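Novice: I am attaching a structure below and will ask some questions about it afterwards.
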Amino acid sequence: MSDTLQKAEKFPVSHMAENLIGSEIIKLGNEVNERIKNGEKVFNFTIGDFDPSIFPIPQGLQDEIIAAYKNHLTNYPMANGMPDLRAAVSSWNKRLYNLDYSPAGSSYCWWCPSNHLWYLYYHSR
C-alpha cells in the first residue's frame, strides 16, 4: 500500500464527500469539446460560454462592457441582486413583456450569467 493511501486512510472524509458525483454539465461539456476536436460541427450550448464567432456580442453591449470594466465594475453583484438593478429589470420586463415580477421577490434568476451582463450594462450608464 502506498504511503499516500495509508495517510489518507487515517483521515477519512465525510459520507457526503465520499459520494460526490461530478457535474453532469461539465461532463457533457467535455464530451461536446471532444466531438469538436474530432471535427464534428457542434453548437456548444452546454455552459453558456457561447462562441462569439457564431453568436457575436452586439457592438453596443461590447462598448458598455468595456466602459464598465474601465470603471472597475468587475466584481460580482450581491447574490440576490442589486435593488436598483432589480427594479430596473422588473420595470423592463413589465414594459416589454407585460410580466409582473416584484423586484423584492425571488422570482428572478439573479445569479444567472446573463444578469451579470445586465449588471455591467446598468453600471456603465
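The values are calculated or read from the model by the stated rules, or taken from the named source; none is laboratory data. Remember, it's a predicted structure, so these values are computed and weren't measured experimentally. Please note: Cβ atoms are built from the backbone with ideal geometry, for glycine as well, and neighbour counts cover all protein chains shown.
Novice: Checking I25 against (1) part of a helix (DSSP H, G or I); (2) among the β-branched types (V, I, T); (3) surrounded by 12 or more Cβ atoms within 10 Å (Cβ to Cβ), only one condition comes out false. Which one?
Specialist: (3)
Novice: State the number of residues belonging to the stretch 84-110 that are of a type in the set (S, T, N, Q) and at pLDDT below 75.
Specialist: Summing the residues that are of a type in the set (S, T, N, Q) and at pLDDT below 75 in the stretch 84-110 gives 2.
Novice: Same structure again: For the stretch 37-62, name all the residues that are part of a helix (DSSP H, G or I), surrounded by 12 or more Cβ atoms within 10 Å (Cβ to Cβ) and either in the same structural domain as I25 (by TED's automatic domain parsing) or touching a residue at least 60 places away in the same chain (Cβ under 8 Å) (or both).
Specialist: The answer is L61, and nothing else.
Novice: Has the stretch 70-83 got any residue that is at pLDDT 80 or above and not in a loop (DSSP other than H, G, I, E, B)?
Specialist: Yes, the conditions are met somewhere in the stretch 70-83.
Novice: Also, I was wondering about something else. Which count do you get for residues in the stretch 84-108 that are in a loop (DSSP other than H, G, I, E, B) and surrounded by 11 or more Cβ atoms within 10 Å (Cβ to Cβ)?
Specialist: Residues flagged as in a loop (DSSP other than H, G, I, E, B) and surrounded by 11 or more Cβ atoms within 10 Å (Cβ to Cβ) within the stretch 84-108 amount to 7.
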